[in-house]
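Quick notes on the structure that follows.
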Amino acid sequence: KNLSIAESSLPGSRFPLEGASDADIGANAQLSYTLSPSEHFSLDFQKSNERNIEPELVLTKSLDRETLPVHRLVLTASDGGRPSLTGTMELMISVVDANDNPPQFNRSVYKVTLPESAAVGTLVTRVNATDPDEGSNSEVTYTVTNFIPPSGREVISVNANTGEIHLTAALDFEEISIFDFRIEAKDQGTPALSGHCKVVLEVLDVNDNAPEVWVTSLSVPVAEDASVGTVVALLSVSDRDSGANGRVRCWVWPASPFGLEATFAGSYSLVLREALDRERVSEYEVEVRAEDGGAPPLRASRGVRVPVSDVNDNAPAFAQAVYTVLARENNAAGAELARLWARDPDEAGNGRVSYSVWEGGVGGGAAGSSSASLSGAAAGGWRPASSYVSFEVRAVDAGEPPLCGNATVQLFVLDENDNAPALLLPAAGSAAEAGAAAAEASSGPGSGTLWAWAAWGAPAGQVVAKIRAVDADSGYNAWLRYELWEPRGKGPFRVGLYSGEVSTARPLEEADGPRQRLLIVVRDHGEPARSATATLSVSLLEAAEAALAA
């Protein structure tokens, strides 16, 4: 006999059984029933008539299909005859499943680690839940019921049928390093039962973040006289990665004149390591570089512009210590003689230069004004000290305090031929010169009549007079030559070209007359040449008279 009893049947439930029949009569047909031993079932009886009873199968203990899906019992019927006869029937009791078992996961917690570089679509894990029920009661579907943090909703998805969990978004260790998911497995029974597990996804750091360098404070410009150790900037350095990936080392490029000093974790000071010179370098482009300890390492940098402010540490400097200037005389007042320039590499007022003249010595470098003394001798005679002037030009900047530089200017005045020769009275000397000494100038500067005596019979070459002249110019302009202008031809006298000596050209004769008038021109070598004339009157006497005149 095949019976189907619901697993959910309650103890005490009764299930009528078909009774046996016996062809005998009387006591031989009176039937009794026994059931093979069972902890779940027993027999009870109901009278069907006066003579027979009908057996009922009584559930004495709840069934559990998952423990024992089929119960095999033997029902025995015995009559009342002597000897008693029996008949048997096997009861095949199939327990009909009830949805009394929720799905069960093989683990309550699934722990998974993935690098943050895992690609979208990567299999995270596969959860598995089983349900000992059968049929639709054992068909399980999976869903995610809880996300911690809530953003995890975008990170994973679960296959409802297979329990496979895949990544649906990129991971970022620096944003979230661990996710908790609650997975539900639900069967298809009525009512449906469910089981739960937890998936813990730990994100492993990957060196995917370069260091970050920030300037938190900047003190610029830096004065060029700033002391070593001056703090120029404060910097913050960080790396969002962890472990070795987040350990950062920093340095400055170029290595001088600045350096880095660590103040506390992740903070550095950019300090001055060497003295500055704005005139050499007026601005620095400093690069703070950072490198993490990942493999391979990632790097970052931050540029810092450091201008250097000026300090008045440079005095104006002339290109030369001594300047030699040549200037022609007779310049008009205000005419430019020379142009000097002093360089001051400082800037603004510190480099703004003003000039002044400090008059120094003149004439051979002697101290005093240009008109205070005379210089040494030169060709053609003495020249005034004003032909050489030495003075000092001072250049002063506008810094605080001001600095100055000096240069010496040696001014040489070039002669212009602006002076004609001037005749001088002859000095007493020879007898002839003594006669000439008595001469007096009879006209204005540059011309006059001179007197001299000569004896008849004087031999050729005898000096009878000497014409003296000076020229206030110098050089060629003061170099004089003497020419006999009248009489022309073969007269009895001649003049030394450069000495000015008037001498006999031949022996004097009575035929030369009592007196000779000579016109002598004195010229310089300037361009154009300037000249003066002298008239010399020579009296011709007897030798005794000439001696008496002397």
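The table that follows gives values for the structure above.
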quantity	calculated
Neighbourhood net charge (13 Å Cβ-Cβ; Lys/Arg +1, Asp/Glu -1) for H71	0
Net charge of Cβ neighbours under 14 Å - reference E486; Lys, Arg +1; Asp, Glu -1	+4
Between region 68-93 and region 153-187, the Cα center-to-center distance that results, in Å	58
Per principal axis, descending, Cα span of region 282-356 in whole Å	86, 21, 17
For the chain, average projected area of the Cα convex hull in nm²	51.5
Interchain or long-range residues, amide H under 5 Å from L411's placed H	V325, V389, S390, F391
Burial ranking of peptide ranges 55-62, 3-10 (average Cβ count within 10 Å, highest at the top)	55-62, 3-10
Positive dipole terminus of region 1-80, leading residue within H71, P55, L35 (C-beta point charges)	H71
Rounded D (µm²/s) - region 104-204, Kirkwood Rh over Cα pairs, Stokes-Einstein at 20 °C, 1.002 mPa s	154
Compactness of region 212-309 - radius of gyration and Dmax, Cα, Å	14.2, 46
Total charge dipole magnitude, region 2-96, about the Cα centre, Cβ charges on Lys, Arg, Asp, Glu only, Debye to nearest 20	100
Neighbourhood charge, 9 Å Cβ-Cβ cut-off, centred on D100 and excluding it, Lys, Arg +1 and Asp, Glu -1	-4
Highest-first arrangement of 261-269, 328-336, where packing means the average Cβ count within 10 Å	261-269, 328-336
Ranked packing of 66-75, 132-141, most packed first, by mean Cβ within 10 Å	132-141, 66-75
Solvent-accessible area, 1.4 Å probe, carbon plus sulfur percent, for the chain	51
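The values are calculated or read from the model by the stated rules, or taken from the named source; none is laboratory data. Quantities reported herein were computed from a predicted structural model and do not represent experimental measurements. For neighbour counting, all protein chains shown are included, and Cβ atoms are generated from backbone atoms with ideal geometry for every residue, glycine included. Ligands, DNA and RNA are stripped out before the accessible areas are found, and what is left, the full protein with its side chains, is counted by its heavy atoms. Shrake-Rupley method; radii C 1.70, N 1.55, O 1.52, S 1.80 Å.
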